[in-house]
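Working notes, structure below.
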Amino acid sequence: MNEFPSSAGERAIGFPGVVGQVGPVPQTRDQHRWAFTVLIGLLTLLAATFEWGLFAAEGWTLLNLLLFGLFTLLFTYVAIGFAQAFFGFLILSDRHPYPATEASNEDLPLLPLTAIVLPVYNEDVGAVFARLQVMSDALKSSGALDHFHFFILSDSTDQEKVFEEKLYWGRLVTEVDGANRIFYRHRKLPLNRKSGNIADFCRRWGNQYRYMICLDADSLMSATTLVALVRRMEDSHRIGILQTVPQAINGRTIWSRLQQFSMSLYGPLFATGANFWQQEESNFWGHNAIIRLAPFIQHCALPDLPRRSAIGRRPMSHDFVEAALMRRAGWEVRLADDLRGSYEETPPTVIEHLKRDRRWCQGNLQHWPLALARGFRPVTRFHFLHGIFSFLASPLLALVLLLGFLKNLGTSPLSEGLYADAARAHIAILLFGFTMLLLVLPKFLALALALRRGRAHEFGGAWKMIASALLEMAVSILLAPVFLYFHAKFVLFSLLGKNVEWHAQRRNSGDALDWREAGKVFGLPTLLGLAAGLVTWWLTPAYFFWLLPIVLGWLVVIPLTVCIADPRGGLQLQKAGLFLVPDEVAPPTEVRALRRAVGVRVRHPNIDLPAGVIDPVAYRQSTSLTTNERFRLHRQVWTTPATNLAPVWRQELARLEMRAVSHEVRGEIVAYPGRQRFRSRQDFERAEASE
Amino acid sequence: MNQTISSHGVREWNEAQRRAETYLRALHGTIGPADRTLLVDALAKARRLRGRESSAHPVTLVMESLFDLLPPETAAPVAMTPPMQRVAMIPEKTEFPFHDAMRRLFNLKLFPSAGVQ
């Protein structure tokens, strides 16, 4: 086993190798945390006072006590989100969300070699390599290419995907002259999923690099940002993990465009607000971040969770745990909320979004033992508990709804309303309004900020930005009950030990969601909405109106999800100037390059099996790329006349020939002695006679 | 001769030429001087072979000739990964006092051990 070359240097300059050696705490940090806590406390106290007034008048029954406790807990969660956005708003009122980044290249030769790692699992191979090529080209243009190595870390189980990956790797290496700079590794046994994949890289090659930039299969980062991340790590040797805030791009369906709009408009508020109080105790989101490898390898191997449990022993959401371990070892985890040029893609449909939530749900619930484990810092425990509560809130809210229904069974008829006296009814409406205000006010603050800072044109203009935000809010309100239903189900399933399968995410939006699939997934919530509506109308008519927003969401879920999963609808809205984002209105170089690459891919689809077999580059490049059968098949296809070939091969050859013809059309006429196109039998006979 | 022409005539030889050009273009991206020489040699060799294997299709003859003439890949194969320098990445001890205490308190054995601690 070799020692880290970098760790000796890091020890020499007095940086932590042991627990508890942290740098001086910034003076403002405690003040920020106090302000954050006080605001949350005040808001929760205010809401709890309203609620207390309601229940105290009714008398403190067990049901009321339970409802009071649950409401206060849920409201605290809402208040945390609001407080982050509020402080983010205050900070961003004085500065641009993305100040210009440094552009000097004088120190480039001093930058250490950094590994850019890209774990893949049965992904759309063409898209993954298109992004990789864009990043490689961007680094080359910036002159920083020599300071970065790329690693494609494949855990793919589909053998055709593995073949495609090797083929694309071979082509990319040839096209960008990436030998000994772009690497590919496939694990036959994908142990411990993504975290195991990264750990495997660390064990094999981790000690050859000081930093690792961790990407996801749909990640894209600009050269400026990649270099800026390394620079910042070099400037501050206390940082163990530096996380960027990725912006969503390339959304085609209405759902993905809606998400990228909200991430672009509201995201900076929440990220800046989180940074305001977290500072050096921020979190790791698993991708689009730079990691100092020496402490990561030394301290961040994932521990087993205590004993066997229904939710599994190996942490699935590894990122939170790795950040926690890094903090425990005394290193900083920071959020670079001021860096642009970090991108990801969002799920194209609500179903894909829910699939991802299912994995995250089980992963976050697993953090419960870690939240109480020894040695972690209070903010780390908060991160764990906040992550757990982001999913646990749904079953708790469902419980509140159920208890509310039970409480109102047999109460006064519709004419008297939910509360018998007008004063209490007013308090109830006030409380509801206050909660809603905290939920939607951050969005209006973000709108106000964009208008005030003159950023509306980045979202298509003031009116279109406002219209997009209102539409987004409407869809979010309608879909909130759907997420409530599924998150509650996920929590229940996870606790019952029903395992989450690790499916590859469908990241592109090529196929719209069909009615049948939507009906299959959302049929039960629709029936639930119908039943809940009928039962509450019949038994507790006063409660019906309180439940109506939720019932409505369940009832419209099928048509709504089908409608917003349509790429054509997304395109129409884009043309109408709705849900535009800054990276679309004025796309940066790398986003433009990616679009071009994706456009080429649409015209020339992925290398599939036949294309892979006849590819001469793959055939001649390396025996490690292809199997013997493919080699034989390759030769066989090329030496067989078209009439004797199966249509699939004929088609593939025709595609290559078309490319050759296009070369000729462009004037690249091939002339060599003996080359001739025989136009007639006489031509041929003349040629025969002349030989 | 007539047999050859009638069974493998104009169209077939055109197809064979096109196939060889397509192959080289797919291999090198374009057709350079070396490729032209290769094509000439492959066509000449195929015509010579035709006399001996009169039943073989020109596509087969030309492509087989081309495969024989193509120089073997002399450059060292591109390394898929850099050389390994293994390091250990072992989890540090993490204690769960709350869970341990709860287990001791209630002696919970909800999930029987699978023999692995």
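In the structure shown, do any of A:LYS355/A:LYS443; A:LYS194/A:LYS355; A:LYS464/A:LYS575 have a Cα-Cα gap over 19 Å, and if so which?
Violating the 19 Å Cα-Cα cut-off are A:LYS355/A:LYS443.
If you put +1 on each Lys and Arg Cβ and -1 on each Asp and Glu Cβ, how big is the dipole of the stretch A:125-229 around its Cα centre, in Debye rounded to 20?
Charge dipole, the stretch A:125-229, about its Cα centre: 420 debye, nearest 20.
Across peptide B:16-23, what mean number of C-beta atoms from other chains lies inside 10 Å of a residue's C-beta?
Per residue, the average neighbour count from other chains is 6.
With only alpha-carbon atoms counted, please give the Rg and Dmax of the stretch A:24-69, in Å.
When restricted to Cα atoms, the stretch A:24-69 yields Rg and Dmax of 16.5, 52 Å.
Could you give the length gained by full extension between A:ASP146 and A:ARG595, i.e. 0.36 nm per residue of separation minus their alpha carbon distance, to one decimal place?
Roughly 159.1 nm would be gained on extension.
Would you kindly derive the ³J(HN,Hα) couplings of the stretch A:257-269 from the backbone phi angles with the Karplus curve 6.51 cos²θ - 1.76 cosθ + 1.60 (θ = phi - 60°), listing them in order in whole Hz, with x for Gly and Pro?
5, 4, 5, 5, 5, 5, 5, 6, 7, 8, x, x, 4
Got a sec to turn the phi values of the stretch B:17-23 into Karplus ³J(HN,Hα) couplings, 6.51 cos²θ - 1.76 cosθ + 1.60 with θ = phi - 60°, whole Hz, x for Gly and Pro?
The phi angles translate into 4, 4, 4, 5, 5, 4, 4 Hz.
Ranked highest first by average number of other Cβ atoms within 10 Å, how do A:643-649, A:115-121 line up?
In decreasing order of mean packing, A:643-649, A:115-121 become A:115-121, A:643-649.
Using a 10 Å cut-off around each Cβ of peptide B:34-43, what is the average number of partner chain Cβ atoms that fall inside?
If you average over the peptide's residues, the count of other-chain Cβ atoms is 3.
Find the sum over both chains of the accessible area lost when A and B are paired, probe 1.4 Å, and report it in Å² to the nearest 100.
Using a 1.4 Å probe on protein heavy atoms, the buried area is about 7000 Å².
Hey, with R₀ at 45 Å, roughly what FRET efficiency would A:GLN31 and B:ARG86 work out to, going by the Cβ-Cβ distance, to 0.05?
Plugging the Cβ-Cβ distance into 1/(1 + (r/R0)^6) gives 0.45.
Regarding the stretch A:134-279, what whole-number volume in Å³ per residue does the convex hull of its Cα atoms give?
In the stretch A:134-279, the Cα convex hull volume per residue is 162 Å³.
Amide H of A:PHE150: which non-local residues (sequence gap of 5 or more, or other chain) have their own amide H closer than 5 Å, using H built in the peptide plane?
So A:PHE150 has HN proximity to A:ILE116, A:ILE182, A:PHE183.
Here is the link list: A:LYS188/A:LYS489; A:LYS140/A:LYS166; A:LYS161/B:LYS93. Which ones come out longer than 27 Å on Cα distance?
A:LYS188/A:LYS489; A:LYS161/B:LYS93
What does the extension gain come out to for A:LYS498 and A:ALA474, with contour length at 0.36 nm per residue minus their alpha carbon separation?
5.3 nm
Just the C-alpha atoms of the stretch A:514-577: what Rg/Rh do they give, with Rh taken as the Kirkwood radius?
For the stretch A:514-577, the value is 1.16.
Other chains near B:61-71: what is the mean number of their Cβ atoms within 10 Å of each residue's Cβ?
2
Hey, what do the phi angles of the stretch A:217-234 turn into as Karplus ³J(HN,Hα) couplings, whole Hz, using 6.51/-1.76/1.60 and θ = phi - 60°, x for Gly and Pro?
Rounded to whole hertz, the list is 4, 9, 7, 9, 9, 6, 4, 4, 5, 4, 5, 4, 4, 5, 4, 5, 5, 5.
Rounded, prolate or oblate: which one fits the stretch A:233-361, using the alpha carbon gyration tensor with axes a ≥ b ≥ c (rounded when a/c is under 1.5, else prolate when a/b beats b/c, else oblate)?
Cα axes put the stretch A:233-361 in the oblate bin.
Which order do peptides A:438-451, A:256-269, A:360-373 fall in by mean Cβ count within 10 Å, highest first?
Order by mean packing, descending: A:256-269, A:360-373, A:438-451.
At a 1.4 Å probe radius, which order do A:LYS520, A:LYS407, A:LYS498 fall into by accessible area, largest first?
From most exposed to least exposed: A:LYS520, A:LYS498, A:LYS407.
Which cross-chain or sequence-distant (5 or more) residues have an amide H under 5 Å from the amide H of A:TYR211, H modelled 1.01 Å from N in plane?
Those qualifying (amide H under 5 Å, at least 5 residues apart or on another chain) are A:ALA115, A:LEU293.
Of the peptides B:20-33, A:283-296, A:380-393, how do they stack up when ordered by the mean number of other Cβ atoms within 10 Å, highest first?
Packing proxy ranking, top to bottom: A:283-296, A:380-393, B:20-33.
The values are calculated or read from the model by the stated rules, or taken from the named source; none is laboratory data. In this text, all values refer to a predicted model and were calculated from it rather than measured experimentally. Neighbour counts run over all protein chains shown; Cβ positions are idealised from the backbone, glycine included. What goes into the accessible areas is simple: the full protein's heavy atoms, side chains included, and nothing from ligands, DNA or RNA. Shrake-Rupley method; radii C 1.70, N 1.55, O 1.52, S 1.80 Å.
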